[in-house]
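Structure record follows, encoded as structure tokens.
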Amino acid sequence: MIPDSARTRGLPDREPVPENHLERDRVADDPLSDASLLAGVRNRDAAALERFFDAAFPHVHGLAIRLTGGRREAAEDVTQEVFLKVYRVADRLDPARPARPWLTTIACNAARDATRRAKTRPERPVDSTFVAEASASTPAPSAREESSEDALRVQAALDRLTETERCIVVLHDYEGLPHSEIARTLALSHAAVRKRYSRALDRMRQHLEGDLP
Amino acid sequence: MSDHDHSPWSDERLARGLRERGSDHAREAFREGLKKDFVQGTIEEPDRHGSVAPGRRRVAIRWAAALVPLAAALLVYLGLGPALRVVSVEGEGTLRIGTTQVELSDRAGLQRALEAESLIEVPEGSRLGLLFEDILLFEATSGTRMTLPPTPHRWWQRDLAFEIQSGEVLIETGPEFAGRELRVRTPEGLIVVTGTLLSIERSAGGTCVCVIEGVAQVGRDAKSLHPVPPGQRRVMLVDGSAKVSEIVPPHRDALRDFHDRLHHRITPSDG
């Protein structure tokens with residue numbers, strides 16, 4: 001007989017309650033949860049593929065940029081790999097399952113591979129990312145400039161984390177995923193995700209505070 | 001108060017800095033080109049950025065051609081993933097591995113005898129837990145006959161595969177499994193696992209796949225796979241039909257027990 005302590009340590013019988021409102025809102029309004037759209041993607045219907053791309057691209061590219069240290073070329077490679085994989089496995093899609101979680105998983109894996117490839121090539125400084133270009137090309141009030149500077153600094157600190165830590169922080173703070181869902185996405189335990197997330201933020205603060213005058 | 005309460009970089013400021021990048025600053029040409037290729041089905045592998053400057057390309061190619069055989073051998077060696085390890089043994093008796101037999105009490109002998117793609121037969125009343133570190137944990141239960149998977153590579157040939165002739169195998173994937181596939185064949189069909197906790201039981205009546213976490217794709221062959229979500233099981237009968245239902249308590253309890261006993265083996269310590 002399995003003791004109660006083992007049961008409670010074990011696997012959930014039901015989906016956990018979302019830890020923040022972002023999770024609930026995302027699932028409810030998310031076109032990537034639309035079963036009819038996903039059924040069209042499975043059939044490789046052109047109109048459905050277009051709608052799917054328009055819905056998925058901001059999510060995938062946004063993740064890719066953050067996970068690859070703001071390197072545009074690497075982010076584009078990652079984005080392309082994700083959509084390539086989607087197209088290849090389209091006929092196996094289950095329309096009843098929202099697409100966002102598995103897009104996230106594919107993007108995390110592709111970004112990790114891209115990061116490892118990038119370690120063998122000379123790196124471009126983070127300052128040459130599109131963020132600097134975007135913020136430079138747009139006249140900005142001081143508050144906006146300050147937040148862009150924060151964005152650069154945070155990205156630089158993020159880039160110094162391990163690939164897994166970076167993925168956890170991005171999924172939690174950018175995607176708004178609860179630790180439980182991040183754990184499922186990355187095939188880690190809930191406790192491991194929470195611990196690594198906390199450690200990652202501490203490491204980011206150490207880098208950021210070291211950069212302050 | 002914790003240390004970071006004094007830091008100017010609060011959790012909220014960090015998260016805001018992360019979100020501030022904006023979600024879609026992609027090059028318009030890239031986005032539109034990718035969309036067109038995706039919709040038309042002409043999407044290809046990305047042309048990896050960061051290539052060598054043209055003036056150095058010819059020299060690079062000559063060197064590469066000269067070193068290819070050595071590099072290939074080295075890459076194969078370095079690219080090999082972790083070797084298969086014995087992590088748990090319960091019960092007594094003799095394990096058949098290919099043409100050899102090893103006592104379950106001889107742990108070192110078991111480890112030496114493990115050979116990829118060899119057929120093993122677990123004695124009745126026993127269990128054998130095997131591990132590709134951080135990638136895949138599986139336990140062959142009493143009376144199971146199965147082949148052992150070859151070592152997965154780190155960079156290519158990352159997928160795993162084995163065959164179950166009879167018996168039950170409990171499976172849990174690890175943190176380095178993400179992005180890989182595990183393909184398990186039984187006489188009734190194919191189970192494709194992309195990251196999950198599940199059991200596969202093959203008996204005279206057919207194959208039963210029970211999933212606790214993640215999703216497994218199950219079917220007669222690669223063209224007729226059906227997803228089995230958490231809490232469900234799919235039974236492929238020998239007559240070719242299939243049945244879907246909720247996992248029954250004995251299977252659920254067995255998987256939870258397996259997870260509780262051995263999960264620490266597949267999850268790296270956070271120490």
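Assorted remarks:
- Other protein chain Cβ atoms within 10 Å, averaged over every residue that makes up B:34-46: 6
- With a Förster radius of 35 Å applied to the C-beta separation of B:LYS36 and B:LEU74, the computed FRET efficiency comes to 0.30.
- Per-residue ellipticity at 222 nm from helix content only, as computed over chain B with -39500 (n - 2.57) for each DSSP H run of at least four residues, stands at -9000 deg cm²/dmol.
- Inter-part distance where the range A:39-69 and the range B:153-200 are each reduced to a Cα centre, Å: 28
- Across chain B, the convex hull enclosing all Cα atoms gives 249 Å³ per residue.
- Charge dipole (Cα centre; +1 on Lys/Arg Cβ, -1 on Asp/Glu Cβ; no other charges) of chain B amounts to roughly 1220 debye.
- Amide proton proximity set for B:THR196, modelled H, under 5 Å, gap of 5+: B:THR173
- For A:LEU177, the residues whose amide H sits under 5 Å from its own are A:HIS172, ignoring neighbours fewer than 5 places away on the same chain, with H placed 1.01 Å from N.
- Sequence-distant residues sharing a close amide H with B:VAL89 (under 5 Å, placed H): B:GLY129
- Applying the criteria of a DSSP loop state and at most 12 other Cβ atoms within 10 Å to the trypsin sites (Lys or Arg not before Pro) of the range B:195-265 yields B:LYS223.
- Residue-span extension gain [A:VAL89 to A:ALA191] - 0.36 nm each, minus C-alpha spacing: 33.6 nm
- Paramagnetic reach from B:THR151 (point 7 Å along Cα→Cβ, amide N under 18 Å) across the range B:167-209: B:176-177
- For B:ARG112 and A:ARG44, a Förster radius of 45 Å and the Cβ-Cβ distance give a FRET efficiency of 0.35, rounded to the nearest 0.05.
- Per-residue Cβ neighbour rank within 10 angstrom, fewest leading, B:PHE177, B:PHE132: B:PHE132, B:PHE177
- Length-normalised contact order of the range B:98-158 in % [C-alpha pairs under 8 Å, at least 6 apart]: 32
FYI, it's all coordinate maths here, none of it is from the lab. Values in this document were obtained by computation on a predicted structure and should not be read as measured data. All Cβ positions, even for glycine, are placed from backbone atoms using ideal geometry, and neighbour counts span all protein chains on display.
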